[in-house]
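I have placed the structure first, in the form of structure tokens, so that the comments after it can refer back to it.
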Amino acid sequence: MALLAAVLLLIFAPPRAQSVEPTTRLTQLAHRAWRTGDAGLMGTPQALSQTTDGYIWVSTENGLYRFDGMRFTKWTSLPGESLPSISLWHLFGARDGSLYVSTDRGLARIRDGHVYTYPGGPRWPGPFVEDRDGGLWMGISGAHNNPSALCKVGETDLTCFGKNEGFSCVRGAANTTSSDGFLWVGSAEGICRWKPGTRPDTELVPSLSNGRGLSSITSMASTTDGEVWAGLKRSGQGAGLLRRANGHWTCYTAPGIDGRIFSVSALLPDQNGALWIGTADKGLYRIVDGRLDHFGAIDGLSDRNVLSIFEDHERGIWVVTPKGIDHFRDYAVLSFTASEGSLADHANGVATDRRGSVYLGSHTLAELSGKTLIQLRDDKGRLLEDVQFLFTDSRDNLWIGSGDQLFVKRDQRIASAVRGFPAGKGEYVAYITEDHTHDIWASVENLGNHESSLIQIRNYQVINRIGVSAVVGKQVMNALAPNAAGGIWIGASVHGLFSFRNGRFERVVAGGFNDRVENLMEDSDGALWIVTQQGFIRYFEGQARSLTTASGMPCDSGVNIHDDGRGFKWFYLHCGIVRVSDSDLAAWWQNPAEHVHARVFDALEGSRPNLSNGNPAQTPDGKIWSASDYDFQVIDPQHLPFNETPPPVKLERLIVDGNDVSLAQQLKLPMHTRQIELDYAALSYVIPERVHFRYRLVGHDTNWTEVGRRRQAFYNDLKPGPYVFHVTACNNDGVCNWRGTELAFTVPPAWFQTLWFRALAALLFLVIVFFAYVYRLRRFAKTLRQRFDERLQERTRLARDLHDTLLQTIQGSKMVADNAREHLDDSRITGRALDRLSEWLDRASVEGRAALEALRSSSVEANDLVGALHRVADDCISGARIAVSISTVGTIREMHPIARDEVYRIAYEAIRNACAHSGARDLWVELEYKRRFHLTVRDNGRGVDEYVLRSGKSGHFGLAGMRERALFMGGSFNISSSPQSGTVVSVVIPGQAIYRNPSRRLRDWLVEPFQSKADLH
């Protein structure tokens, strides 16, 4: 019983957070073993260490391995560098980030990926220890003929100390440093204590002095309280586990502990003050506060022979054996089985009382009170058997469903039976609850005929037994709960929810639910929680809402529910235990679209939520107990383990088009890179499966990509250019390393992706466009000249017709009139008329001949546009007070006659309008003969109304005619006007379209497109 009490104290004493709890049994810790061959570990492990960057390193007989929490990767050196041997032993991660490696050919150091081998070092150096000032010391355990005790490891050399410095314990196989600054060295000769600069003290170990060199100190350790420990890999009198007390070394003994039984192979004092002991034949032990705990191969340790023990940065404990590597950490949910002192390996129900006692129901009933666990008996001295259900009422009485009996524990005494009970033969108590009038209700099920009954108890006496099957059918009453409106709620195994009130059953369809009910609970608001396989339903004042995965829960399959009265509700599901705050639930109730923040405790944190019929129960200190089919479990919300270490994030591998690429700064990838893969890791070892990542490729991604647990990123659409890959991670408790890590790289362009190639391609494109433009312009000019020639032919035909018809007719009329005037003797009036007729016909003849001459004048080779415009200007001056100036720019070029006439008519109309309507004092006409012909007519008159400019004057077609003529020749027409500056008419026409001999110089062709844009606009 004393041993059982010690076990219980280990289990139930208040724990401390953030490390492996010294008060938790080793069998209650989360344990994982990687055996040789698992996760890439292909060599027999020898030792383990961790460097400041977060990596775990494992030395083996087949080289060095690196572990990132998910896989072991064999370390390879940089080209041209290597370790002295692949047969490795001790490892040590120093404060400066270096990793020191012990090999059968000497000592090597790995720093920033580079290997340095110490010259002249002993074979199998180690173990290593770092002093308070950061100095590194190593033992000489493997050098059989070396007279040194230990060596100080420098940057490039070793400084060894031995017999010449007064050491008697040479070839130190173990070492440590104590809080008072002493270095301790253990060997086959004894233990030496030394401070550099002084002479070492030798402290003899009786078992060594009598052992004739058959054994040696194999390990040493110093705890935070100043105690120094040593171990021999030999058990027996004076051997095993030694502790220094009063300057002497003796075997450690304590109540229940005999240090002589240990064949010590490794020692580790953890940061909580517990001493971990590795043995050569019995596995792992731990001593804390004078109590001993054990974890061996039968408990799952990879082997009973422990080679080394290590504590990482997150305070996880690592154990190395010849067959693998073991890791220990805390669970949030602790299990309580026969291994931890339970009376059975199965659990039916659990209950608590106000005194803090915990009642455990299985094949019997036990009470855990403080440090004591006892089996309970009824008032007749009989053990209770087959305890199926436990319930504590509002008066702190314990109700016990034991087989077909119902017992009650009150006043520290268990009554043999409730009056009016037992139930019938073959019946058992399935559920117990209390209503708001303090009546006790029990559901009783018959295993034979599957009939169900509801029993009402008042003042410890049955007052009512109701047959339920006749009303609700043959189904089990899985759960009972008090109803704030009176009576009770009944959760059935087939047809859902029922209300029993005032002797009447009523089926209740809450939110359309009519299926199996797993459990029921009334909360502090009087709402009913219905636990189902489809989620949790809250039913209140006729409203029902389901809390499911759509609301943020990890799964839907509910088992039970518990209200801790401290602001949280605990939901038991098949996928784990979930804690949700009451404030989150209130927000969800007000807005069903709201997501709750669910803290999940699943199998990775020790949860086994396959609960039995029993409800969770809570002790006054807040611990929540529950019973599963296999064990009892407890969770302490006030002392949950929490990993406060942000995980270091590392890029481990870059694969470009299937080939590994060395990770280096300013990395330049090959041209034509099609696909890249980036492998990354977060070096958190508590629950690596819970580490979450996000990444972003700057230069490609605009937002972060949340990828959960995935540890690879893939890209297959990268364009040439610079990129920066950035990845961050959060550990199992949501503590994040937002800085993460980065990798900058560049994808160089291929020759056809370079800037010069693109510029050349753009230039070539412009040249093609230019020549296409020139070709189009020449085609257009050719077409326009053909149209001009057609019009010229038509005008020549018209001139011929005028000559042959109209002119001849007029001439004949004149001759007739003249002849009549000469021979008629009519009156004077007739004569005067004939005179007038003659005058008119003469004038018509003159005008007709002039018109014919004008038509024919366009067909001559040398046409004078400037002279024609001068004549128009002279006519303008004679009819108005205006000064006209006509000028030319450039060499006057001959135009196609039709084009010349069109330009003439545009200029004629512009000059006539200025003379007739502008009221201007000055008129300027400019003809510019360049690659493009430019006509400008400008005055300083009153201007033209804006509406007339846009739409023209009603009944007049001068502006429209000028625009049509310009567009006909492939040119542009523009007119601007204002009262202050007058009116400007501008016409621009391509020379290719109107000149007789357009320019063919390359320079003109190159300048033409740019002049075109400037002139046209």
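Which of the residues spanning region 227-267 are within 51 Å of the chain's Cα centre (by Cα) and part of a loop (DSSP other than H, G, I, E, B)?
Answer for region 227-267, where residues must be within 51 Å of the chain's Cα centre (by Cα) and part of a loop (DSSP other than H, G, I, E, B): Glu227, Lys233, Phe262, Ser263.
Restricting to region 432-477, what's the tally of residues that are at negative phi and part of a loop (DSSP other than H, G, I, E, B)?
12
Do you know which of the residues in region 379-423 that are of a type in the set (S, T, N, Q) and closer than 19 Å to Glu434 by Cα is surrounded by the most Cβ atoms within 10 Å (Cβ to Cβ)?
Ranking the candidates gives Ser402 first.
Can you go through Leu667, Leu651, Leu640 and tell me which one is within 18 Å of the chain's Cα centre (by Cα) and at negative phi?
Selected residue: Leu651, the only one of Leu667, Leu651, Leu640 that is within 18 Å of the chain's Cα centre (by Cα) and at negative phi.
Given the residues Thr673, Thr619, Thr645, which is the only one that is polar (S, T, N, Q) and closer than 30 Å to Val429 by Cβ?
Thr619
Could you tell me which residue of region 704-734 is nearest to the chain's Cα centre (by Cα), considering only residues that are assigned to a loop (DSSP other than H, G, I, E, B) and farther than 19 Å from Ile687 by Cα?
Restricting to residues being assigned to a loop (DSSP other than H, G, I, E, B) and farther than 19 Å from Ile687 by Cα, the top hit is Trp704.
One residue is enough: does region 241-250 have a residue meeting the conditions under 26 Å from Asp303 (Cβ atoms) and not charged (D, E, K, R)?
yes
If a residue has to be aliphatic (A, V, I, L, M), within 21 Å of Pro722 (Cβ to Cβ) and in a loop (DSSP other than H, G, I, E, B) to count, how many in region 665-687 make the cut?
So the count comes out to 2.
Here's the yes/no breakdown for (1) surrounded by fewer than 16 Cβ atoms within 10 Å (Cβ to Cβ); (2) assigned to a strand (DSSP E or B); (3) assigned by TED's automatic domain parsing to the domain that holds Cys160; (4) among the hydrophobic types (A, V, I, L, M, F, W, C):
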{"residue": "Arg66", "(1), (2), (3), (4)": "no, yes, no, no"}
{"residue": "His90", "(1), (2), (3), (4)": "no, yes, no, no"}
{"residue": "Arg95", "(1), (2), (3), (4)": "yes, no, no, no"}
{"residue": "Val101", "(1), (2), (3), (4)": "no, yes, no, yes"}
{"residue": "Leu107", "(1), (2), (3), (4)": "no, yes, no, yes"}
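Being at pLDDT below 90 and over 58 Å from the mean Cα position of the chain (by Cα), is that true of even one residue in region 173-186?
no
Hey, could you check region 605-635 for residues that are at pLDDT 85 or above, assigned to a loop (DSSP other than H, G, I, E, B) and under 34 Å from the mean Cα position of the chain (by Cα) and say which is farthest from Ala442 (Cα to Cα)?
Here the answer is Gly606.
With respect to Asn737, is the statement that it is outside any strand (DSSP E or B) and not aromatic (Phe, Trp, Tyr) true?
no
Filter region 636-664 for residues that are within 22 Å of Arg711 (Cβ to Cβ) and assigned to a loop (DSSP other than H, G, I, E, B) and give the result.
Asn643, Thr645, Pro646, Pro647, Pro648, Asp657, Gly658, Ser662, Leu663, Ala664
One line per residue, one yes/no per condition, for (1) touching a Gly at 6+ places or on another chain (Cβ under 7 Å); (2) without any contact (Cβ under 8 Å) to a residue 24 or more places away in the chain:
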| residue | (1), (2) |
| --- | --- |
| Asn446 | yes, yes |
| His450 | no, no |
| Ile457 | no, no |
| Tyr460 | no, no |
| Val471 | no, no |
| Gln475 | no, yes |
| Ala479 | yes, no |
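So Glu434 clears everything in (1) surrounded by fewer than 21 Cβ atoms within 10 Å (Cβ to Cβ); (2) under 52 Å from the mean Cα position of the chain (by Cα) except one condition, right? Which one?
Exception for Glu434: condition (1).
The values are calculated or read from the model by the stated rules, or taken from the named source; none is laboratory data. Just so you know, these numbers come straight off a predicted model, no measurement behind them. Note that we place each Cβ from the backbone using ideal geometry, even for glycine, and neighbour counts take in every protein chain shown.
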